[in-house]
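Heads up: the structure comes next, in structure tokens.
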Amino acid sequence: MAAFDEPRPQMSPEDFRLLRDLVHAHCGILVREDMQFVMERRLAPRLEALGLEDFRAYYRFLRYAPERRAELEAAVEALTTHETYFYREPQQLRALSDELLPQLQRKNARTRRLRFWSAGCSTGEEAYTVAMLLKASGRFEGWDVEVYGTDISRRVLEAARRAEYGPSSMRAIPPEVQQRFFVPVSGGAGRLRVREDVRAWVSFGQLNLLEPGAAQLVPQVDVVLCRNVMIYFDPAARRQVLRVFHDKLVPGGYLLLGHSENLLNLSADFELVHLRTDLVYRRPEPIAPATGGRP
Amino acid sequence: MSAQAEELRYQALQQLDPAARGALEALLAGLHDESWRVRRIAAEGFARLAAPERAVAPLVAVLGERGETGARNAAAEALVRLGERALPGLRGLLAHADPDQRKFAADILGQLGSARAAPDLVRALADPDLNVRVSVAEALGGVGARDEATAGALRPLLSSPEALLRLAALESLTRLGLPPPLGVVAPLLEDGRLRASAYRALGFVEEPGALPLLARGLASASRAVREAALEALGAQARRVPPAQRGALEASVRGALEGDPQVSARLTEALETGELSVRAGALAAAAALKDPALALPVARAGLEERLAGEVAHALRQLGPEACDALASHLVALPPPARAAVGEVLVEVASPACIGAVRGLLSETEPGVRELAVRALGRSRSLEALPLLLALLSDPDLGAGAGRALQGLSAGLQVPVREALERAQEREPSPAGLRTLGRVGGSGALPLLRRSARSADPALRAAALEAVAELGADGAAELARYALADEAAAVRRAAVRALGRVGSAQAEALLQRALRDEDGGVRMAAVEAAGECGAQGCVPLLQALVAGEDGGLAWAALAALGRLRALSPALLGAAARHPDAEVVKAALEAGAPYTAEVAVLAQGLLGHARWDVRAAAARTLAQHAGAAAGPALEAALAREPDALVREALTQALGRLGRG
Ligand SMILES: C[S@@+](CC[C@H](N)C(=O)[O-])C[C@H]1O[C@@H](n2cnc3c(N)ncnc32)[C@H](O)[C@@H]1O
């Protein structure tokens with residue numbers, strides 16, 4: 001085991017490009033040029049784990065070793081940011097609660113069925129947040145509700161299923177929500193578990209958004225949340241994923257992106273809807289709707 | 001204005017077919033739209049046109065439309081997006097009769113950031129109009145030409161009577177990392193309007209007197225000045241080699257220590273400053289060594305580009321700060337947690353076991369791995385049972401094995417004995433592998449038994465462990481395991497054979513080279529090279545031209561070790577569709593100087609950038625001056641920056657740089 005004062009292997013600009021291209025081809029994640037240092041740091045433990053001397057050897061391992069599929073997953077795992085927390089981007093969530101949910105309640109009143117997809121759900125906070133908002137609205141009790149959380153990383157999904165969270169996940173959650181929807185984990189030193197009735201609405205699965213056909217596993221949904229995921233993709237990959245979302249959304253269904261993301265230059269398949277507190281995207285209805293989006 | 005009408009115009013431009021007739025006109029009209037969203041989408045559209053260079057002249061014309069501020073700004077944005085294609089048009093504009101237009105040209109060139117514009121801008125510093133000269137001086141900082149011509153043109157402006165000009169020149173020199181000498185910067189610190197900029201410039205001044213001056217700025221009452229000084233400190237810290245870091249920190253500490261507000265100010269800078277300010281605040285915190293800064297320092301790790309600085313600062317704050325942080329670890333956002341964890345692992349001491357044990361029950365990804373690594377470095381027997389219990393954990397087992405190996409460095413006997421006992425009770429692949437690395441011959445009976453286990457993962461691990469121990473009988477064990485029905489076991493057997501090498505290894509490896517499993521074949525190729533199996537050479541040679549890139553690459557490496565390469569073989573490898581094989585041919589060809597130089601020349605035109613770069617490096621090593629013209633020709637047509645660098649270096653080595 002390398003001592004900590006031993007210099008870590010350095011990543012040459014060439015290794016960086018080769019590894020970056022490999023990862024990009026696999027899952028569309030584009031590591032920015034100025035992130036070479038970050039890539040070096042995050043992958044160094046993989047070299048150590050595999051007993052490899054340098055990044056060139058690691059690249060060859062990813063290309064040729066029998067375990068390359070699993071290792072590519074581990075590399076993507078190390079490179080992706082899984083940063084997430086409950087009630088992230090509250091303004092958008094307020095728009096969802098105040099304006100979209102009443103609309104969805106009316107629209108789906110006949111079927112009493114509602115489907116959400118949290119695409120790139122990380123450790124599950126976003127999917128559970130949606131379920132909590134649905135519960136808190138009191139509009140959908142007795143409905144057939146499913147929130148699908150999917151992510152490329154298997155490890156985050158394990159955590160999502162466990163549904164136990166520590167303080168870093170709770171940093172934005174309103175206290176009353178926390179009180180209502182969580183129970184303490186026994187012997188878990190302050191950790192909290194999502195309450196059973198919320199969990200009953202949420203299911204998780206592994207899915208690479210860029211793998212052709214992978215999204216077949218997800219049914220038609222009313223709302224897609226894909227927040228802070230596509231920021232790591234290049235435009236071509238974003239377009240590809242947006243086509244998937246378009247297919248999966250029912251006509252009139254909504255697409256919610258992170259607040260720094262937009263569809264400029266990417267897709268004309270969605271219309272921008274101005275809500276009172278936020279902007280969201282919508283798959284247009286086949287017949288021009290009467291409302292222009294502005295109430 | 002109706003939102004819907006705006007949306008329609010927006011969508012029309014977004015969906016515009018760039019090849020259609022009238023596309024250019026539609027975009028030009030869009031630049032004049034009343035909505036900024038529409039203007040922006042129009043500005044983005046020009047680069048998609050079939051012949052974007054044709055848009056330059058009309059865009060430049062829009063810049064001249066007085067009263068159309070929105071359209072002019074949008075046109076400027078469009079020109080920036082056109083990149084170097086806009087250069088000729090903008091050069092022309094720099095000579096326009098109207099100073100407004102000349103200023104516009106300079107601003108756009110600065111944003112466009114092409115070093116090719118530098119000579120034009122240097123000339124334009126002679127413009128009769130002051131505003132234009134200021135814009136030009138600013139733009140020179142943006143085009144990134146770090147050369148003497150640029151520096152030589154900007155430096156004299158520092159003594160200009162015009163404050164704006166002095167400021168623009170100073171900012172640009174700093175941006176380019178070409179600061180004036182200390183003797184010039186020091187007086188500028190006295191000039192109120194230039195002070196903050198002058199402090200930033202100090203970050204790049206390499207003279208020893210820069211640091212004490214800079215330290216003074218750290219204590220300034222003005223926040224802008226303090227932040228500039230912090231930024232400069234960050235730049236200095238990046239530049240200084242680790243060995244000299246201590247001296248830098250000592251002098252900074254000297255300047256900061258007396259100031260009662262310093263910790264509060266650093267906390268503020270760590271939390272709210274720009275990235276470069278935060279980097280400087282981390283360097284200052286490392287110098288100050290105030291443990292109260294531990295948490296704000298740790299939080300700065302949220303920005304991963306600062307992770308190295310965060311780790312360094314935490315190390316300086318000492319083990320107590322780190323132990324305290326262990327209890328905060330799970331409350332930190334993941335990137336910050338990684339930076340703290342790294343240091344926690346390094347400073348792990350027997351005293352930290354308690355905190356680390358708590359982390360093992362966390363479920364968040366990454367935290368438990370950190371805890372395992374810290375235990376491995378704790379030099380404490382208390383860590384032993386914790387690690388042994390983790391050996392059969394599917395996620396943590398391998399890490400626990402490595403941690404045990406680390407622990408055994410100082411505690412060999414107790415670790416070995418406890419590990420053997422634990423594996424007797426419940427063998428696990430990670431545990432057996434670890435036995436191979438730290439165990440003694442006493443472990444052999446257990447390993448032999450495990451090699452007959454019903455679980456293929458245990459069989460494979462046991463085989464590798466026996467070979468690792470260098471035990472007698474490993475070859476025999478491996479031989480029989482080549483008939484195992486599980487590919488993973490056969491792979492392990494092949495690896496074991498390569499390690500122990502034996503009289504019969506050759507024949508066995510020849511058989512393994514034909515195994516149905518690709519992984520077994522790959523392992524056999526590597527093993528053949530490792531144990532010097534000359535009898536495998538014909539089979540390996542056949543693989544070099546084969547379809548499978550991985551096998552071809554490994555075969556080349558093995559043949560190199562076996563000294564069984566030939567120019568003909570290298571030629572075949574150089575035609576392989578897999579770039580790794582081609583590059584391996586160039587590397588393995590070192591003993592055949594003349595032939596490999598010819599190969600490399602041919603590869604300067606290869607479709608892949610990495611092959612072209614490898615060819616350039618090979619030529620730098622092996623070729624004589626005769627390769628010069630080929631390298632020069634390649635440089636002239638090479639679009640890729642990395643390859644250009646390799647070519648330039650090769651030319652330099654040939655004395656043609
Ligand atoms: C920063 S997290 C965002 C989590 C959550 N949506 C939020 O906004 O808080 C991004 C997640 O996207 C996932 N991801 C990245 N590329 C993906 C891909 N190609 N397919 C599926 N998920 C992906 C990552 O594994 C990571 O968990």
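The values are calculated or read from the model by the stated rules, or taken from the named source; none is laboratory data. Here the structure is a predicted model, which means the values were calculated and not measured. Note that we place each Cβ from the backbone using ideal geometry, even for glycine, and neighbour counts take in every protein chain shown. Accessible surface areas use protein heavy atoms only, side chains included; no ligands, DNA or RNA. Shrake-Rupley method; radii C 1.70, N 1.55, O 1.52, S 1.80 Å.
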Pull up region B:500-525, narrow it to residues that are assigned to a helix (DSSP H, G or I) and surrounded by fewer than 18 Cβ atoms within 10 Å (Cβ to Cβ), then point me to the one that is farthest from the other protein chains (Cβ to nearest Cβ). B:Ala507
Residues being open to solvent by 30 Å² or more (accessible area, probe 1.4 Å) and within 7 Å of the ligand (Cβ to nearest atom) - total across region A:76-90: 5
Within region B:452-472, identify whether any single residue is farther than 29 Å from B:Asp395 by Cβ and surrounded by 15 or more Cβ atoms within 10 Å (Cβ to Cβ), and answer yes or no. yes
Being more than 8 Å from every other protein chain (Cβ to nearest Cβ), more than 28 Å from the chain's Cα centre (by Cα) and surrounded by fewer than 20 Cβ atoms within 10 Å (Cβ to Cβ): is that true of A:Leu30 here? no
Residues that are among the acidic types (Asp, Glu) and within 12 Å of chain A (Cβ to nearest Cβ): list the helices (runs of 4 or more DSSP H) wholly contained in region B:1-45 that include at least 2 such residues. B:3-14
Among the residues of region B:43-53, is any acidic (Asp, Glu) and more than 40 Å from the chain's Cα centre (by Cα)? no
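To keep it simple, each residue is scored yes or no on (1) more than 17 Å from the chain's Cα centre (by Cα); (2) away from the ligand (no atom under 16 Å from the Cβ); (3) surrounded by fewer than 21 Cβ atoms within 10 Å (Cβ to Cβ); (4) modelled with pLDDT under 90.
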residue	(1), (2), (3), (4)
A:Arg171	yes, no, yes, yes
A:Gln178	yes, yes, yes, no
A:Phe181	yes, yes, no, no
A:Pro184	yes, yes, yes, no
A:Arg191	yes, yes, no, yes
A:Arg195	yes, yes, yes, no
A:Val221	no, no, no, no
All but one of (1) part of a loop (DSSP other than H, G, I, E, B); (2) within 14 Å of chain A (Cβ to nearest Cβ) hold for B:Glu645; which doesn't? (1)
Residue list for region B:312-330, filter: away from chain A (no Cβ under 11 Å) and assigned to a loop (DSSP other than H, G, I, E, B): B:Gly318
Filter region A:119-156 for residues that are of a type in the set (S, T, N, Q) and more than 14 Å from every other protein chain (Cβ to nearest Cβ); which is most open to solvent (accessible area, probe 1.4 Å)? A:Ser137
Please specify each residue of region B:94-124 satisfying the condition of being open to solvent by less than 30 Å² (accessible area, probe 1.4 Å) and either touching a residue at least 60 places away in the same chain (Cβ under 8 Å) or closer than 21 Å to B:His32 by Cα (or both). B:Gln101, B:Ala105, B:Ile108
Would region B:331-338 turn up any residue that is more than 10 Å from chain A (Cβ to nearest Cβ) and either among the charged types (D, E, K, R) or over 23 Å from A:Phe86 (Cα atoms) (or both)? no
If you scan region A:22-36, which residues turn out to be at pLDDT below 85 and part of a helix (DSSP H, G or I)? A:Cys27, A:Glu33, A:Asp34, A:Met35
State the number of residues belonging to region A:91-118 that are open to solvent by less than 40 Å² (accessible area, probe 1.4 Å), more than 7 Å from the ligand (Cβ to nearest atom) and not in a helix (DSSP H, G or I). 5
Quick check on region A:53-64. Is at least one of its residues farther than 30 Å from B:Ala524 by Cβ and at the interface with chain B (Cβ under 9 Å from one of its Cβ atoms)? no
Selection from region B:633-649 of residues open to solvent by less than 80 Å² (accessible area, probe 1.4 Å) and within 17 Å of B:His606 (Cα to Cα) yields B:Ala633, B:Ala634, B:Leu635, B:Glu638, B:Asp640, B:Ala641, B:Leu642, B:Val643, B:Ala646, B:Leu647
Do we have B:Glu309 as in contact with a helix residue (DSSP H, G or I) (Cβ under 6 Å, 6 or more places away or on another chain), closer than 29 Å to B:Thr174 by Cα, within 13 Å of another protein chain (Cβ to nearest Cβ) and surrounded by fewer than 24 Cβ atoms within 10 Å (Cβ to Cβ) here? no
Which residues, taken from region B:526-558, are of a type in the set (A, V, I, L, M), within 12 Å of chain A (Cβ to nearest Cβ) and either under 17 Å from A:Glu67 (Cα atoms) or surrounded by fewer than 23 Cβ atoms within 10 Å (Cβ to Cβ) (or both)? B:Leu551, B:Ala554, B:Ala557
On the given criteria, is A:Ala159 open to solvent by less than 20 Å² (accessible area, probe 1.4 Å), of a type in the set (Gly, Ala, Ser) and within 12 Å of the ligand (Cβ to nearest atom)? yes
What are the residue pairs meeting all of these: first residue in region A:251-276, first residue closer than 18 Å to A:Gln105 by Cα, second residue in a loop (DSSP other than H, G, I, E, B) and open to solvent by less than 10 Å² (accessible area, probe 1.4 Å), Cβ atoms under 8 Å, and 6 or more apart or on different chains? A:Leu255/A:Phe270
The condition of being farther than 25 Å from A:Gly213 by Cβ and either more than 19 Å from the chain's Cα centre (by Cα) or within 16 Å of the ligand (Cβ to nearest atom) (or both) holds, among A:Val280, A:Val250, only for A:Val280
Listed residues A:Glu48, A:Glu73; which is surrounded by fewer than 20 Cβ atoms within 10 Å (Cβ to Cβ) and within 14 Å of the ligand (Cβ to nearest atom)? A:Glu73
Step by step: first the residues of region A:125-155, then only those that are part of a loop (DSSP other than H, G, I, E, B) and under 17 Å from A:Val221 (Cβ atoms), then the one that is nearest to the ligand (Cβ to nearest atom). Which residue is that? A:Phe140
So which of A:Leu217, A:Leu257 is surrounded by 14 or more Cβ atoms within 10 Å (Cβ to Cβ), away from chain B (no Cβ under 14 Å) and within 13 Å of the ligand (Cβ to nearest atom)? A:Leu257
Out of B:Ser220, B:Ser276, I need the residue that is modelled with pLDDT under 90 and either assigned to a helix (DSSP H, G or I) or out of contact with any His (no Cβ under 9 Å at 6 or more places or on another chain) (or both). Which one? B:Ser220
For A:Val241, state whether it is within 17 Å of the chain's Cα centre (by Cα), open to solvent by less than 20 Å² (accessible area, probe 1.4 Å) and either within 13 Å of the ligand (Cβ to nearest atom) or farther than 12 Å from A:Cys121 by Cβ (or both). yes
